[in-house]
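Participant: Here's a structure for you.
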Protein chains: 2
Amino acid sequence: MKVDKIGEFGLIKKIKNQVKTNSSVIKGIGDDCAVLKFTSAKFQLYTCDMIVEGVDFTSRDDLMLVGRKALAICVSDIAACGGIPCHGLVSLGLPLKTKVEDVGRIYKGLNQICREFGVNIVGGDISKAPKLTIDVSLLGEVEKKNLVLRSGARPGDIIFVTGSFGGSIKGKHLSFIPRLKEARYLVRNFKVNSMIDASDGLRQDLGHILEDSRVGAVIYEDLIPVSPWAKSLKNAFCDGEDFELIFTVNLKDARKLKSFNRGFIPIGEIVAKKFGLTLVNKKIKQKKIKLCGYTHF
Amino acid sequence: MKVDKIGEFGLIKKIKNQVKTNSSVIKGIGDDCAVLKFTSAKFQLYTCDMIVEGVDFTSRDDLMLVGRKALAICVSDIAACGGIPCHGLVSLGLPLKTKVEDVGRIYKGLNQICREFGVNIVGGDISKAPKLTIDVSLLGEVEKKNLVLRSGARPGDIIFVTGSFGGSIKGKHLSFIPRLKEARYLVRNFKVNSMIDASDGLRQDLGHILEDSRVGAVIYEDLIPVSPWAKSLKNAFCDGEDFELIFTVNLKDARKLKSFNRGFIPIGEIVAKKFGLTLVNKKIKQKKIKLCGYTHF
């Protein structure tokens, strides 16, 4: 059976079942970051993301933006767990035709993110490869009390997002700013029950929170922030690579958050699992939202 | 200028110059592992290696051995710094034709190394890719007093290796056992001044110790353990992917080590930098050894 029959997430489930970990691992495969025992007050966060030419960027994209993206998507994972990034490794798979200046531009982009978010690049690997491939792994840390996983959403929680969705292919997928400052503000001032960064689309990534938290949700069409580059609501639900945060807090915190007016946008609420995921449209009609979004297979 | 003009190590030097790190980084780019501040008694080690179909293995190789290799080369890096591995991430770049069973076999191999060396796989990433690509990053730890870098060799040190060199393409590059137990025995019982794992060939990797330690070496043809799969001494010097350790200890420790007869093989000694790297052949003639070994570009 080929991998596209089982799909990316089916494959991850299979892998998860095949892998065993010991008690040093607080959270293994299946969240934005792995969570490891660290100090008495902190956990270590650990994540990686691989991007490949022709899949995650094209040969016409500015390599500075490509380098930037390679690290920014990892910073976004650390943000989604409530932490701050610190040390990264960069594996480069380079076609023979690659120019030295190309590698320089990739690192220029990586360094931009390093400076902005306090990341140290401490090593890596270089290999020949048929297409430009960049795999970044990133370490971070988070105070134990500030750790947020996908699995903590509770019925009654309000669902927020940090920005608009859809049409990221027009540029945002390369130039987005990881929502690290927003995430840190949130975890330090509120009890964030669940959080994820939307890499595979609002529908699919909200779905991960619902599945891992064993809850349902009602979201309101009127409230979904659709990006100016999205052609329709469907793009907002399904396009992917917006790298906005989706998170849930209880009603009391939600009221405070909204009144602070810092760009956190409520889009709906968490309900019991049996209700599934429902969209309420502008005519106040309810409908189910079909699963959609980016998968590699 | 294309990357093959400047070469893999020229490229690494350029990258190193482009990257800045803060005081949390004990050793950044340029050793077997990055070394990071950790606890009062220990450093954290951090390494990664990318392998690509058609470069590091062929489409005919057993994917269990390929998965095994992907992690074993990282364990070998941790061993070379004197530490023990603990947590790893696995990024998989998969061609569309990949079967679910193929991924299962890769993980069977990864799990073999996990069990043998106490590694927990705690996450990863999956992407489409034109050729099967596996990038593993691995965390480890080492007692501060046991950390070994490439840069500590001193004139008068005896150079040892942990096994034979050459012809790894006949199988050893896929089935080798990382010399973790040997490395831990060494750092716990001796003062190991410098160490590296030989991934790019005896000549080139010994060269890295000499360059980073600013010393020279005399090695003896008679003493070089040439693998049964090597056709000539040149293979032993230049083939790469033996994943034996090359290390240096002072004369007193060298005498003890030899008498313990645990398979550590002395091949020469460290001398002042001005003497360069000299091979003494069976007729006791000295000659310079030309630089050779595996580079990606």
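Participant: Ratio to report: Rg/Rh of the stretch A:31-145, with Cα atoms as the point set and Rh obtained by the Kirkwood method; give two decimals.
Facilitator: 1.01
Participant: Order by neighbour count: B:L147, A:L89, fewest other Cβ atoms within 10 Å first, most last.
Facilitator: Fewest-to-most ranking of B:L147, A:L89: B:L147, A:L89.
Participant: Rounding to the nearest 20 debye, state how big the charge dipole of the stretch B:1-146 is about its Cα centre with +1 on each Lys and Arg Cβ and -1 on each Asp and Glu Cβ.
Facilitator: Numbers: 21 positive and 17 negative charges, 81 e Å.
Roughly 380 debye for the stretch B:1-146.
Participant: With runs of 4+ DSSP H residues as the only contributors, calculate the mean residue ellipticity of chain B at 222 nm using -39,500 (n - 2.57) per run, divided by the residue total and rounded to the nearest 500. Mind dumping the intermediate values first?
Facilitator: Working: 8 runs with 94 residues, N = 297.
About -10000 deg cm²/dmol.
Participant: What is the spin-label model distance, in nm, from B:L96 to A:R214 if the labels are put 7 Å beyond Cα along the C-beta direction?
Facilitator: 3.9
Participant: What nm distances, shortest first, do you get from the label point of A:M1 to those in the other copies when the point sits 7 angstrom along Cα to Cβ?
Facilitator: Distances to the matching label points in the other copies: 5.2 nm.
Participant: How far apart, in nm, are two points set 7 Å out from the Cα along the Cα-to-Cβ line at B:K5 and at A:L251?
Facilitator: Those two pseudo-labels are separated by 6.8 nm.
Participant: Given A:K256/A:K282; A:K13/A:K273; A:K27/A:K144, which pairs have Cα atoms separated by over 18 Å?
Facilitator: Correct reply: A:K256/A:K282; A:K13/A:K273.
Participant: Note the per residue figure in Å³ for the convex hull of the C-alpha positions in the stretch A:148-288. Write down the numbers at each step before the final one.
Facilitator: Working: hull volume 13.9 nm³, N = 141.
Cα-based convex hull of the stretch A:148-288, divided per residue, equals 98 Å³.
Participant: Treating the point 7 Å from Cα along Cα-beta-carbon as the label, what are the nm separations from A:F260 to the other copies, to one decimal?
Facilitator: 5.7
Participant: Using the basic label-point model (7 angstrom from Cα toward the beta carbon), what is the B:S23 to B:K181 distance in nanometres?
Facilitator: Placing both labels 7 Å beyond Cα along the Cβ direction yields 4.2 nm.
Participant: If you don't mind, there's one more thing I want to ask. Could you bin all the Cα-Cα distances of the stretch A:1-70 into 10 Å bins starting at 0 and give me the percent of pairs in each, rounded to whole numbers?
Facilitator: Per 10 Å bin, starting at zero, the Cα-Cα P(r) for the stretch A:1-70 comes out as 16, 31, 30, 20, 3 percent.
Participant: Using the alpha carbons of chain A, what is the convex hull volume per residue in cubic angstrom, as a whole number?
Facilitator: Hull volume normalised by residue count: 145 Å³.
Participant: Now for a different question. Put a point 7 Å out from Cα along the line to Cβ at A:I284; what are the distances to that point in the other copies, in nm, shortest first?
Facilitator: Here A:I284 shows inter-copy label distances of 10.4 nm.
Participant: Counting other beta carbons within 10 Å of each residue's own, what order do A:R154, A:R60 fall into, fewest first? Walk me through the intermediate numbers first.
Facilitator: Working: A:R154 13, A:R60 5.
Ranked by crowding around the Cβ, least crowded first: A:R60, A:R154.
Participant: Among the DSSP beta bridges whose two residues both lie in the protein assembly as shown, what percent are antiparallel, rounded to the nearest 5?
Facilitator: 75
Participant: Mean Kyte-Doolittle of at least 0.5 and a Cα length of 15 Å or more along the axis: which whole DSSP H helices of chain B meet both?
Facilitator: Length and hydropathy pass: B:63-80.
Participant: Taking amide H positions as placed in the peptide plane 1.01 Å from N, state which residues far from A:T278 in sequence (5 or more) or on other chains have amide H under 5 Å from it.
Facilitator: For A:T278, the qualifying residues are A:A217, A:V218, A:I219.
Participant: Here is a further query. Straight distance only, please: which aspartates and glutamates reach the Cα of A:K283 with their own Cα at less than 13 Å, same-chain residues fewer than 8 apart left out?
Facilitator: Cα-Cα hits under 13 Å: A:E221, A:D222.
Participant: Separate question: If you look at just the Cα atoms of the protein assembly as shown, how large are its Rg and its Dmax in Å?
Facilitator: 25.5, 95
Participant: Ok, one more. Arrange the following residues from fewest to most other Cβ atoms within 10 Å of their Cβ: A:T295, B:T98.
Facilitator: Neighbour counts put them in this order, fewest first: A:T295, B:T98.
Participant: So who's got an amide H within less than 5 Å of the one on A:G83, skipping anything under 5 residues away but keeping other chains? H placed 1.01 Å off N, in plane.
Facilitator: Long-range HN contacts for A:G83: none found.
Participant: Tell me, what is the percent relative contact order of the stretch A:31-145, built from C-alpha pairs under 8 Å that lie six or more residues apart? Don't jump to the answer; show the numbers that get you there.
Facilitator: Working: 232 pairs, mean separation 47.8, N = 115.
Averaging sequence separation for qualifying contacts and normalising by length gives 42 percent for the stretch A:31-145.
Participant: By its C-alpha gyration tensor, with a ≥ b ≥ c as the square roots of the eigenvalues, how is the stretch A:251-297 shaped: rounded for a/c under 1.5, else prolate for a/b larger than b/c, else oblate?
Facilitator: It comes out prolate by the Cα gyration axes.
Coordinate-derived values only; no laboratory data. Not measured: the values here are computed from a predicted model. For neighbour counting, all protein chains shown are included, and Cβ atoms are generated from backbone atoms with ideal geometry for every residue, glycine included.
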